[in-house]
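The values are calculated or read from the model by the stated rules, or taken from the named source; none is laboratory data. Just so it is clear, the structure is predicted and the values come from calculations on it, not from any experiment. Areas reflect the complete protein model, heavy atoms only, side chains present, ligands, DNA and RNA absent. Shrake-Rupley method; radii C 1.70, N 1.55, O 1.52, S 1.80 Å.
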Amino acid sequence: RPKIEYAMTSAYLTADGAEPAFTNWAFTRGSPEDFMGCLDYIFLSEGLQVSGVKRVATQEEAPGPYPSETQPSDHVMIAADLIVTNKGNTLGSAISGGGKRRGQSSNDESVEELRESIAEFVADKSTQNKDFPTSLNSFERLTVHRIAEESGLMSGSSGAGRDRKISIWKPSV
């Protein structure tokens, strides 16, 4: 079972109660039947609400299979109107194997925890650098950069994707 960093929902399932019957209707060379299925989705994470979705024609209404003179792709267009309800995912929504990441429930708690961690690092005269875990999200990494700068520390990021991490260090005197 995959580990999902943030729970997501489908825009069409949320708005219409079901996915479209199809988002792809393609002529299949060498086969007596066309391929028709739902291959395309719009997923929403915390902080987004769907206020409406573009209606997808039924098979009876659609002039498929595609592509055609009027439809340049074998995928039909899907779209959703979204409302941003907050600045992004809160850490409490993160799931990994069914549990909350580090037990946090908001960005405010995350910022406070990072401030405390960096303050402890500054106070520790025996340590010159600190690496943060790769589990930090982009908001948390940006927060570390900002707090490090406010604290007179140097900071840098390395790696990509899930391996992206941030390090801070005390400047040479």
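Would you give the gap between the C-alpha center of the stretch 114-139 and the C-alpha center of the stretch 5-56, rounded to a whole Å? After rounding, the separation between the Cα centres reads 42 Å.
Residues in the stretch 27-32 carry Karplus couplings, in order, of 5, 10, 4, x, 10, x Hz; the curve used is 6.51 cos²θ - 1.76 cosθ + 1.60 with θ = phi - 60°, and Gly or Pro positions show x. Prolate is the label for the stretch 35-76, because a/c, from the alpha-carbon gyration tensor with a ≥ b ≥ c as root eigenvalues, is 1.5 or above and a/b exceeds b/c. Applied to the stretch 112-125, the Karplus parametrisation 6.51 cos²θ - 1.76 cosθ + 1.60 on θ = phi - 60° returns per-residue 3J(HN,Hα) values of 5, 5, 5, 4, 4, 4, 5, 4, 5, 4, 4, 6, 7, 6 Hz, with x for Gly and Pro. Scanning residues 5 or more positions from residue 80 or on other chains, those with amide H under 5 Å from its amide H are 54, with H placed 1.01 Å from N in the peptide plane.
Rounded, prolate or oblate: pick one for the stretch 1-56, where a ≥ b ≥ c are the square roots of the eigenvalues of its C-alpha gyration tensor, a/c under 1.5 means rounded, and failing that, prolate if a/b is larger than b/c, else oblate.
On the way: a/c = 3.86, a/b = 1.79, b/c = 2.16.
Because a/c hits 1.5 or more and a/b fails to exceed b/c, the stretch 1-56 counts as oblate.
Accessible surface of residue 16, taken over heavy atoms with a 1.4 Å probe and every protein chain present, rounds to 100 Å².
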